[in-house]
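K.L.:
My structure is below; once you've seen it, I'll send some questions.
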Amino acid sequence: MPHPTLYQFPVSPYCEKVRWALDFKHIDYTTRDLLPLFHLPVIFRRTRQNKVPVLKMDNRYIAGSDVIIQTLEERLPSAPALYPVDDSEFEDALEWAAFADREIGPHLRRTAYFHLIDNTRLMFEILTRGQGAVGRMAFRTSQPMVIRAMKEGMRINQRGYDSSLVRLNEALDRLDARLKDAAYLVGDRFTVADLTAAALLAPLAQPPEAPFQPPVEMPEAFTEFCAAFEDRPVMDWVRTIYRKHRKPAQQKSVE
């Protein structure tokens, strides 16, 4: 059976969720790194939607990080398991994962990009990670259009930033309260809830084990943005979860 192929943006925390799940289950896979905007025909032709991650497995194209992880768990439930066996813990884990997907992912993405997106050199290096010379050249000529589309599609503006900053802080308040006397979000072991929350918060906590690391020095505004959250207990929790549970990558890149 051919290895699964993950269609991804390397920078995306939602793609990191899937990479982590694949690595945690010791699944050999390949990655196909895509360029924003250029990815649309590639993904739509296969899934009739336009978002990554998409995993090709068993001649099926599976879209969405939560659906992909669910599929991996159904196919390989004990290799090792990401879902709790206990019914109540199972529901709690899914609820926490959905909470992180909804209340952390989009709001951290918007607030982080607010401080990065007008830095042309940095955005070029971030968005062309994994690309060869041809892909980088194609992206360079299209970068203004891509950045404009990102700003409009993700509402990366002052109003969107202010709204998302409030939502992000509220989500972190809830996580800090939950983790006050606990090592894990659900039960006493690592589950999909911890994987999801930690992967989506990795751009903020910047654990050294995270596969995607900034390609160049980050601007002062972004550094100050991250520093504002440093005293939150959840930041150390993210780094601990990565250190204890992020397995070495099993993927191979393909163009």
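K.L.:
Could you list, ordered by first residue, the pairs with Cβ atoms under 7 Å in which the first is in the range 240-255 and over 11 Å from Trp20 (Cα atoms) and the second is at pLDDT below 95 and buried (at least 17 other Cβ atoms within 10 Å of the Cβ), at least 6 apart or interchain?
P.N.:
Ser253/Gly130
K.L.:
Does the range 127-147 include one or more residues that are touching an Asp or Glu at 6+ places or on another chain (Cβ under 7 Å), β-branched (Val, Ile, Thr) and crowded, with 17+ Cβ neighbours inside 10 Å?
P.N.:
No.
K.L.:
For the structure I just gave you, tell me whether Asp181 is out of contact with any Asp or Glu (no Cβ under 8 Å at 6 or more places or on another chain) and assigned to a loop (DSSP other than H, G, I, E, B).
P.N.:
When the stated conditions are applied, Asp181 passes them.
K.L.:
Out of the residues in the range 195-235 meeting the condition of being of a type in the set (Val, Ile, Thr) and under 24 Å from Thr120 (Cα atoms), tell me which one is modelled with the highest pLDDT.
P.N.:
By that ranking, first place goes to Thr223.
K.L.:
May I pose another question? With Thr71, Thr111, Thr47 as the choices, which residue is buried (at least 20 other Cβ atoms within 10 Å of the Cβ) and at negative phi?
P.N.:
The conditions single out Thr111.
K.L.:
Can I ask one more? Is there a residue being over 19 Å from Ile126 (Cα atoms) and surrounded by 19 or more Cβ atoms within 10 Å (Cβ to Cβ) anywhere in the range 34-43?
P.N.:
yes
K.L.:
Further question on the same structure: Within the bounds of the range 19-42, is there any residue that is within 21 Å of Glu103 (Cα to Cα) and out of contact with any strand residue (DSSP E or B) (no Cβ under 8 Å at 6 or more places or on another chain)?
P.N.:
Yes - at least one qualifying residue is present in the range 19-42.
K.L.:
So which of Phe225, Phe212 ends up being outside any helix (DSSP H, G or I), touching a residue at least 60 places away in the same chain (Cβ under 8 Å) and under 20 Å from the mean Cα position of the chain (by Cα)?
P.N.:
One residue alone meets the criteria, Phe212.
K.L.:
Hey, another quick one. Any idea which of Asp101, Asp118 is acidic (Asp, Glu) and in contact (Cβ under 8 Å) with a residue 40 or more places away in the chain?
P.N.:
Asp101
K.L.:
Can you tell me which condition Phe24 does not meet? The list is (1) buried (at least 19 other Cβ atoms within 10 Å of the Cβ); (2) closer than 16 Å to Val67 by Cα, and all the others hold.
P.N.:
Exception for Phe24: condition (2).
K.L.:
Could you list, ordered by first residue, the pairs with Cβ atoms under 8 Å in which the first is in the range 59-87 and in the same structural domain as Ile43 (by TED's automatic domain parsing) and over 15 Å from Trp20 (Cβ atoms) and the second is part of a helix (DSSP H, G or I) and among the basic types (Lys, Arg), at least 6 apart or interchain?
P.N.:
These pairs meet every condition: Tyr61/Arg46.
K.L.:
Identify, from the list Glu91, Glu95, Glu103, Glu16, the residue that is modelled with pLDDT of 95 or more, out of contact with any strand residue (DSSP E or B) (no Cβ under 7 Å at 6 or more places or on another chain), among the acidic types (Asp, Glu) and not assigned by TED's automatic domain parsing to the domain that holds Ser164.
P.N.:
That would be Glu16, the only listed residue that is modelled with pLDDT of 95 or more, out of contact with any strand residue (DSSP E or B) (no Cβ under 7 Å at 6 or more places or on another chain), among the acidic types (Asp, Glu) and not assigned by TED's automatic domain parsing to the domain that holds Ser164.
The values are calculated or read from the model by the stated rules, or taken from the named source; none is laboratory data. Only a predicted model underlies this, so the values are computations on that prediction, with no experimental measurement involved. Cβ coordinates were reconstructed from backbone atoms using ideal geometry, including for glycine residues, and neighbour counts include every protein chain displayed.
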